[in-house]
Amino acid sequence: MSYPYQIKTADQYKTAYEKSVNDPEGFWAEIAASFYWRKKWDKVLEWDFKTPTIKWFAGGKLNITENCIDRHLGTLGNTPAIIWEPNDPEEHHRVLTYRDLHAKVCQFANVLKNNGVKKGDRVCIYMGMVPELAIAVLACARIGAIHSVVFGGFSAQSIADRLQDAKAEFVVTCDGAFRGNKEIPLKGVIDDALVQCPFVKRVIVLTRTRTPVSMIKGRDVWWEDEIKIVETQGNPDCVAEEMDAEDMLFILYTSGSTGKPKGVVHTVGGYMVYSNYSFVNVFQYQPGEVHFCTADIGWITGHSYIVYGPLSAGATSLMFEGVPTWPDAGRFWEIVDKFKVNVLYTAPTAIRSLMGFGLDPLKGRSLTSLKVLGSVGEPINEEAWHWFDDNIGKNKCPIVDTWWQTETGGILISNLAGVTPAKPAHATLPLPGVQPVLVDENGKEITGNSVSGNLCIKFPWPGILRTTYGDHERCRLNYFATYENLYFTGDGCLRDEAGNYRITGRVDDVLNVSGHRIGTAEVENAINMHAGVVESAVVGYPHDIKGQGIYAFVIYQGAHGGDEALGRKDITQTVARIIGAIAKPDKIQFVSGLPKTRSGKIMRRILRKIAEGEVDKLGDTTTLLDPAVVEEIAKGRL
Ligand code: WTA
């Protein structure tokens with residue numbers, strides 16, 4: 001596999017960037033031409049951010065799995081497509097070559113068909129990090145079904161919300177998942193979710209943990225049994241469904257500042273081109289290298305940089321079932337040496353947590369195979385950046401600090417490994433095709449350098465979201481209505497004297513906890529479901545390892561005869577039940593009132609300052625309904 005569009009020098013980056021701005025259609029047409037299309041597109045780009053309407057490669061016909069698998073079979077048939085490392089280091093790892101992957105994806109695509117899944121149907125995938133998760137994703141894409149992967153840490157209620165929103169009639173899951181020393185009963189969680197989702201017709205269950213599960217007659221079937229049926233049918237192939245470039249490929253739910261998570265929609269053609277282009281350029285992938293992205297496929301990072309980006313590039317993608325700290329904090333380094341990993345792409349929260357274990361876990365590890373390191377999901381602080389650089393990359397591996405979002409489909413701002421310069425804690429420069437602007441609150445563009453503002457993008461790139469599932473207006477309001485003719489990211493950003501971008505974090509009510517996006521409103525709604533809670537307000541505060549922690553101020557009328565400690569535990573448990581363990585508050589402070597304006601709006605600004613420990617910088621509190629409450633809250637700060 002060669003990548004004619006791989007940028008190799010800083011000058012080439014400049015030229016590519018200029019071309020992408022002056023002639024975006026020509027620029028992307030040239031890149032898209034190196035993929036396999038059954039029919040070429042009629043028009044490269046049609047767009048209008050007002051509505052929004054965005055179409056890339058309209059009229060083009062293709063199937064993304066033919067690009068991720070079939071087209072490699074001739075040359076890379078025996079090359080590992082997926083290397084899988086299990087949770088337990090004593091269990092044997094698995095290697096799937098491109099030929100194996102083809103066979104397995106076709107097989108499971110036929111299973112889906114046998115079970116009534118058709119083009120356009122939504123399939124919810126709730127699995128641990130096993131190769132079958134990637135296989136299920138690709139099998140959906142093969143037959144034109146729309147996958148919606150839900151991270152294995154989400155609760156039954158969260159799954160039910162997503163199933164209802166997507167009107168998904170099919171679920172693929174596992175009996176359970178292994179994560180560190182935990183066993184998560186995935187099928188049991190699905191069963192709880194399905195009580196609210198009688199429209200689900202079929203659940204396909206993979207055996208992984210051998211956790212006992214209940215199987216409902218007429219609804220639930222075993223993955224292995226279904227494979228046997230396909231084998232007896234004797235057709236090892238599954239012809240890929242012909243898709244329009246703008247047909248939906250997947251829905252991925254993500255948190256916003258209001259209401260329930262939104263189903264971000266990506267389409268086949270543009271997403272394929274962008275996830276591939278960004279993969280090849282940011283990581284400077286070379287054929288034969290092993291790419292290890294430590295994310296879960298339940299998040300966008302796993303979609304784009306474990307599955308679609310690497311596989312469309314014929315790369316070897318390493319998938320890890322477990323966690324970085326089990327059985328000990330040397331697990332990542334053991335994996336790097338075991339498989340001679342060349343690219344390691346992880347999150348600042350993981351780096352910070354491993355830093356805490358010191359250098360002992362690195363003893364006896366050479367890490368010499370590493371060429372490129374990457375960071376994603378949240379701002380990386382300089383201390384973590386340098387620790388990563390010194391101890392893991394041994395100052396020899398460029399670090400790419402990649403800024404992007406579920407909505408952007410792929411990396412938008414990042415240095416290109418070894419090609420454009422890195423700067424600690426800075427995502428640095430936009431990829432070709434990406435036109436960032438900073439604006440003030442009124443949407444006025446802030447020009448020049450050494451400035452800060454809200455980060456927007458003024459021109460579409462192929463990986464941009466097309467809609468939010470079932471509610472296009474919500475997509476418009478969320479991303480395209482804040483500032484006219486701009487895509488608004490929700491992030492604040494600095495541009496330094498040399499034009500490098502530094503993302504400073506969300507400016508809306510979205511938290512980023514260990515790189516996971518969580519809406520404050522979602523957490524509040526969950527807390528408010530607890531019988532003893534009158535009202536609550538949730539804000540983020542700086543957390544050494546998680547980046548941000550969740551701080552909840554709760555008006556509590558008591559339960560358990562006034563046992564506050566037990567009350568806190570119950571509230572935490574309620575949040576875990578409603579959303580999932582990732583949204584558990586780190587701190588719960590009981591208060592008698594919340595700071596509100598005369599019109600009844602909670603002044604989060606003040607709560608944020610208190611949570612951050614800046615009680616002497618509360619600013620003007622005179623407009624509050626009851627200024628005394630602020631003093632009380634500040635005094636009781638945890
Ligand atoms: C944050 C994850 C600083 C940002 C791919 C964004 C980052 C949100 C970075 C999206 C980075 C992601 N530096 N902040 N390199 N990467 N973010 O949708 O606030 O899970 O808006 O996508 O993560 O999170 P999401």
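The values are calculated or read from the model by the stated rules, or taken from the named source; none is laboratory data. Keep in mind that what you see is a predicted model, and the values were worked out from it rather than measured. Don't worry about glycine lacking a Cβ; one is built from the backbone with ideal geometry, like all the others, and counts go over all protein chains shown. Accessible surface is based on the protein model in full, side chains and every heavy atom, while ligands, DNA and RNA are left aside. Shrake-Rupley method; radii C 1.70, N 1.55, O 1.52, S 1.80 Å.
Quick notes on this one:
- Matching entry among ARG506, ARG476, ARG495 (being near the ligand (Cβ under 9 Å from one of its atoms) and open to solvent by 20 Å² or more (accessible area, probe 1.4 Å)): ARG506
- Among the residues making up the stretch 94-105, those that are out of contact with any helix residue (DSSP H, G or I) (no Cβ under 7 Å at 6 or more places or on another chain) and of a type in the set (A, V, I, L, M, F, W, C) are VAL95, LEU101, ALA103.
- Counted residues, the stretch 55-64 - those being of a type in the set (A, V, I, L, M) and open to solvent by less than 10 Å² (accessible area, probe 1.4 Å): 2
- A count restricted to the stretch 93-135 and to residues that are of a type in the set (Phe, Trp, Tyr) and open to solvent by 10 Å² or more (accessible area, probe 1.4 Å) stands at 0.
- Contact map, the stretch 505-516: first residue farther than 21 Å from ALA350 by Cβ, second residue assigned to a strand (DSSP E or B) and within 7 Å of the ligand (Cβ to nearest atom), Cβ cut-off under 7 Å, separation 6 or more or different chains; pairs are VAL507/GLY490; VAL507/ASP491; ASP508/GLY490.
- So PRO398, is it more than 14 Å from the ligand (Cβ to nearest atom) and buried (at least 23 other Cβ atoms within 10 Å of the Cβ): no
- When GLY298, GLY330 are screened for being within 16 Å of the ligand (Cβ to nearest atom), of a type outside the set (Phe, Trp, Tyr), over 15 Å from SER278 (Cβ atoms) and surrounded by fewer than 24 Cβ atoms within 10 Å (Cβ to Cβ), only GLY298 passes.
- Among the residues making up the stretch 581-598, a single one is within 17 Å of SER514 (Cα to Cα), in contact (Cβ under 8 Å) with a residue 40 or more places away in the chain and in contact with a helix residue (DSSP H, G or I) (Cβ under 6 Å, 6 or more places away or on another chain): ALA583.
- The stretch 405-429 residues that are closer than 17 Å to ALA347 by Cα and touching a residue at least 24 places away in the same chain (Cβ under 8 Å), paired with ones that are assigned to a helix (DSSP H, G or I) and of a type in the set (Phe, Trp, Tyr) (beta carbon under 7 Å, 6 or more apart): GLY410/TYR274; PRO424/TRP385; ALA425/TRP385
- Scan of the stretch 1-27 for residues that are out of contact with any helix residue (DSSP H, G or I) (no Cβ under 8 Å at 6 or more places or on another chain) and outside any helix (DSSP H, G or I), ordered by number: SER2, PRO4, LYS8, THR9, ASP23
- Qualifying positions in the stretch 509-545 - under 17 Å from ALA611 (Cα atoms), polar (S, T, N, Q) and within 16 Å of the ligand (Cβ to nearest atom): ASN512, THR520
Listed here are the residues, each with its yes/no results for (1) at pLDDT 95 or above; (2) within 27 Å of the chain's Cα centre (by Cα); (3) open to solvent by less than 10 Å² (accessible area, probe 1.4 Å).
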| site | (1), (2), (3) |
| --- | --- |
| THR53 | yes, yes, no |
| GLU66 | yes, yes, no |
| LEU73 | yes, no, no |
| GLY77 | yes, no, yes |
| ALA81 | yes, yes, yes |
| PRO86 | yes, yes, yes |
| GLU91 | yes, no, no |
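- Verdict on VAL117 being under 22 Å from the mean Cα position of the chain (by Cα), of a type in the set (Val, Ile, Thr) and more than 30 Å from VAL290 (Cα to Cα): no
- From TYR551, TYR487, residue being within 16 Å of the ligand (Cβ to nearest atom), out of contact with any His (no Cβ under 7 Å at 6 or more places or on another chain) and aromatic (Phe, Trp, Tyr): TYR487
- Considering only residues in the stretch 373-395 that are touching a residue at least 40 places away in the same chain (Cβ under 8 Å) and open to solvent by 30 Å² or more (accessible area, probe 1.4 Å), the one that is farthest from the ligand (Cβ to nearest atom) turns out to be GLU382.
- Test: residue in the stretch 350-365 that is open to solvent by less than 10 Å² (accessible area, probe 1.4 Å), within 16 Å of the ligand (Cβ to nearest atom), on the phi < 0 side of the Ramachandran plot and at pLDDT 95 or above: yes
- Subset of the stretch 301-321 that is open to solvent by less than 10 Å² (accessible area, probe 1.4 Å) and among the hydrophobic types (A, V, I, L, M, F, W, C) - its residue that is farthest from LYS338 (Cα to Cα): ALA313
- Meets criteria (crowded, with 17+ Cβ neighbours inside 10 Å and touching a His at 6+ places or on another chain (Cβ under 9 Å)) for LEU206: no
- Residues in the stretch 333-349 that are open to solvent by 20 Å² or more (accessible area, probe 1.4 Å), without any contact (Cβ under 8 Å) to a residue 60 or more places away in the chain and part of a helix (DSSP H, G or I): ASP337 alone.
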